[in-house]
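K.L.:
Here it is: the structure, laid out below.
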Amino acid sequence: MTHTTSAPQRTLNPRDFLDLDALLSDEEREIRDTVRRFVAERVTPFVGEWFEEGRLPAELAPALGRLGLLGMHLDGYGCAGASATAYGLACMELEAGDSGVRSLVSVQGSLAMYAIWRWGSEEQKQEWLPDMAAGEAIGCFGLTEPDAGSDPGSMRTRARRGAGGDWILNGAKMWITNGSVASVAVVWAQTDEGIRGFLVPRGTRGFSAPEIHKKLSLRASVTSELVLDDVRLPAEALLPEATSLRGPLSCLNEARYGIVWGAAGAGRACLEAALDYAQERIAFGKPIAATQIQQQKLAFMALEVNRASLVALHLGRMKDAHRLRPEHVSMGKLGNVNGALEVARSARQVLGANGISLEYPVMRHMANLESVVTYEGTADVHALVIGGALTGIQAFR
Ligand code: TGC
Ligand code: FAD
């Protein structure tokens, strides 16, 4: 039997095998296509270089702001007021480019802006949200500490009231996305009244945000420490409506939801790279795509990407119908990120030695997903949330 070396005919769209496109409205498709074009023009050609150099260009945030992607699912204050599903589709396209770009948008819109939008005073909203929606002001979200990650309730950063109603903050935050480039940090701290949130503008005396280096993952993303050394803030810096751990955890629900979609996008990018490569790469006189073992890998990748996309869309529809619970988000984040990691690892093998190169997107995605599976609640934390919901027994402690 002879084998042709020309690419075989594809009978179904590998990008959308199950035709999920048909489940979207015209407006949703238009938003998705706009973000896809932006990523193709402004991210994909350059992101390997950014990753190698360990940076994300400052001009990206205003460009994302002009597209209406920052705080996209929030209403008012310059935000686009889009549906949760539309926001999810945007996250999917951004993360198909790079998890670092989706992280920038998640932290800005779902963590920092959402915290102000949901828990802030009218003055705080007016001061910060329009500039943040435009990408002219960057925000970060300081919850994790060197000794408190999965268990933020044990945080040591402390805020005490000073004379005249102002606040004095001491402590340190760790692994904070956008920290060194942020105009405003949302900082969570223990107080005598429970965990409260504070807005700390850049340049406040006693506050610094040194960048964390030597990362092997999310290199096209700024990650920082936040150091608070007798930082004195006026009473108006307090987020008045957040009075317990529920405050920051409500923000995490928003960002985790975006990751459910984003992970499906990263997986899709790996599948596409593997499919292209398998059809071009000749070994033993035929494309490796013509071997059963590679087809099996590609089939499992496609299955996982389509499964993850379906879950994301289902959760999006539930969120738009106000039926989405944190436990649903945990299931989506756990399943979709684990699935994307499996896809990335498999795709990397399909690419052989080229799989380890930044000339191809696969290992960059694979390395990024090692952060994505850890941040916004580790896989273990989400398994325990789901386990708690299934059994009624909370197993964290
Ligand atoms: P627990 O006693 O269960 O709850 C304390 C209070 O919070 C409420 N609550 C929630 N509220 C909203 N959404 C949720 N998902 C909530 N989960 C709990 C709860 O009802 C209670 O409210 P109240 O009013 O009675 O005070 O809390 P716990 O201390 O046992 O912890 C539960 C646990 C482990 C699930 C939680 O702490 C957790 O999720 N840990 C993981 C921490 C985490 O995900 N950190 C992420 C930091 S940010 C980040 O990683 C950004 S990455 C950059 C990017 O996104 O790109
Ligand atoms: P730990 O909590 O110390 O966990 C270590 C291991 O123990 C994990 O495997 C965990 O699953 C397991 N474990 C913990 N508790 C239990 C338990 N009860 N039962 C079983 N196993 C358990 N944080 C922010 O606040 N803001 C940010 O912007 C931000 N950005 C980040 C960006 C990057 C690139 C990274 C890598 C992290 C970022 N984080 C951020 C921090 C992130 O949220 C934490 O790393 C994460 O919550 C886990 O905390 P930890 O690293 O302290 O791990």
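K.L.:
Only one of (1) assigned to a helix (DSSP H, G or I); (2) surrounded by fewer than 16 Cβ atoms within 10 Å (Cβ to Cβ) fails for residue 397. Which number is that?
P.N.:
(1)
K.L.:
What number of residues within the stretch 329-378 are within 16 Å of ligand 2 (Cβ to nearest atom) and either surrounded by fewer than 17 Cβ atoms within 10 Å (Cβ to Cβ) or of a type outside the set (Gly, Ala, Ser) (or both)?
P.N.:
Result for the stretch 329-378: 18.
K.L.:
Of all residues in the stretch 54-90, which are aromatic (Phe, Trp, Tyr) and either part of a loop (DSSP other than H, G, I, E, B) or open to solvent by 30 Å² or more (accessible area, probe 1.4 Å) (or both)?
P.N.:
77
K.L.:
Sticking with this one: Could you please find all residues in the stretch 174-190 being near ligand 1 (Cβ under 9 Å from one of its atoms) and in contact (Cβ under 8 Å) with a residue 60 or more places away in the chain?
P.N.:
Narrowing the stretch 174-190 to residues near ligand 1 (Cβ under 9 Å from one of its atoms): 175-178.
Within the stretch 174-190, 175, 177, 178 qualify.
K.L.:
If the requirement is being within 11 Å of ligand 2 (Cβ to nearest atom), open to solvent by 30 Å² or more (accessible area, probe 1.4 Å), of a type outside the set (Ser, Thr, Tyr) and touching a Lys or Arg at 6+ places or on another chain (Cβ under 7 Å), which of these qualifies: 151, 147? So that I can check it myself, show each step before the final result.
P.N.:
On the way: 151 fails: touching a Lys or Arg at 6+ places or on another chain (Cβ under 7 Å).
Checking each option against the conditions leaves just 147.
K.L.:
Next question, about the same structure. Kindly indicate whether residue 167 is farther than 30 Å from residue 273 by Cβ and outside the structural domain of residue 270 (by TED's automatic domain parsing).
P.N.:
So residue 167 fits the description; yes.
K.L.:
Please pick out the residue among 252, 233, 238 that is touching a residue at least 60 places away in the same chain (Cβ under 8 Å) and within 16 Å of ligand 2 (Cβ to nearest atom).
P.N.:
Answer to the check: 252.
K.L.:
Output the qualifying pairs, or none if there are none: Cβ atoms under 8 angstrom, residues six or more apart or on different chains, first residue in the stretch 206-228 and touching a residue at least 12 places away in the same chain (Cβ under 8 Å) and not assigned by TED's automatic domain parsing to the domain that holds residue 56, second residue of a type in the set (Lys, Arg) and near ligand 2 (Cβ under 9 Å from one of its atoms).
P.N.:
Close Cβ pairs (under 8 Å, with a partner that is of a type in the set (Lys, Arg) and near ligand 2 (Cβ under 9 Å from one of its atoms)) amount to 223/215; 225/173; 226/173; 228/173.
K.L.:
Of these, 350, 305, 385, which one is β-branched (Val, Ile, Thr), within 16 Å of ligand 1 (Cβ to nearest atom) and not assigned by TED's automatic domain parsing to the domain that holds residue 87?
P.N.:
Numbers: 350 fails: within 16 Å of ligand 1 (Cβ to nearest atom); 305 fails: within 16 Å of ligand 1 (Cβ to nearest atom).
Matching residue, one of 350, 305, 385: 385.
K.L.:
Name the residues in the stretch 257-287 that are surrounded by fewer than 23 Cβ atoms within 10 Å (Cβ to Cβ) and either within 16 Å of ligand 2 (Cβ to nearest atom) or assigned to a strand (DSSP E or B) (or both), would you?
P.N.:
Filtering the stretch 257-287 down to residues surrounded by fewer than 23 Cβ atoms within 10 Å (Cβ to Cβ) leaves 272-273, 275-287.
The answer is 282, 283, 286, 287.
K.L.:
Considering only the stretch 147-170, state which residues are part of a helix (DSSP H, G or I), within 16 Å of ligand 1 (Cβ to nearest atom) and small (Gly, Ala, Ser).
P.N.:
Selection gives 153, 154.
K.L.:
Another one. Using the structure shown, decide if residue 128 is within 16 Å of ligand 1 (Cβ to nearest atom), crowded, with 17+ Cβ neighbours inside 10 Å and either within 30 Å of residue 68 (Cβ to Cβ) or assigned by TED's automatic domain parsing to the domain that holds residue 75 (or both).
P.N.:
Spelling it out, it is not the case that residue 128 is within 16 Å of ligand 1 (Cβ to nearest atom), crowded, with 17+ Cβ neighbours inside 10 Å and either within 30 Å of residue 68 (Cβ to Cβ) or assigned by TED's automatic domain parsing to the domain that holds residue 75 (or both).
K.L.:
What number of residues within the stretch 316-328 are assigned to a helix (DSSP H, G or I) and either open to solvent by 10 Å² or more (accessible area, probe 1.4 Å) or within 14 Å of ligand 1 (Cβ to nearest atom) (or both)?
P.N.:
Here the count works out to 7.
K.L.:
Counting just the residues of the stretch 174-230 that are of a type in the set (Phe, Trp, Tyr) and open to solvent by less than 30 Å² (accessible area, probe 1.4 Å), which one comes out farthest from the chain's Cα centre (by Cα)?
P.N.:
The residue in question is 198.
The values are calculated or read from the model by the stated rules, or taken from the named source; none is laboratory data. Keep in mind that what you see is a predicted model, and the values were worked out from it rather than measured. Glycine gets a Cβ as well: all are built from the backbone with ideal geometry, and neighbour counts include every protein chain shown. SASA here: full protein model, heavy atoms, side chains in, ligands and nucleic acids out. Shrake-Rupley method; radii C 1.70, N 1.55, O 1.52, S 1.80 Å.
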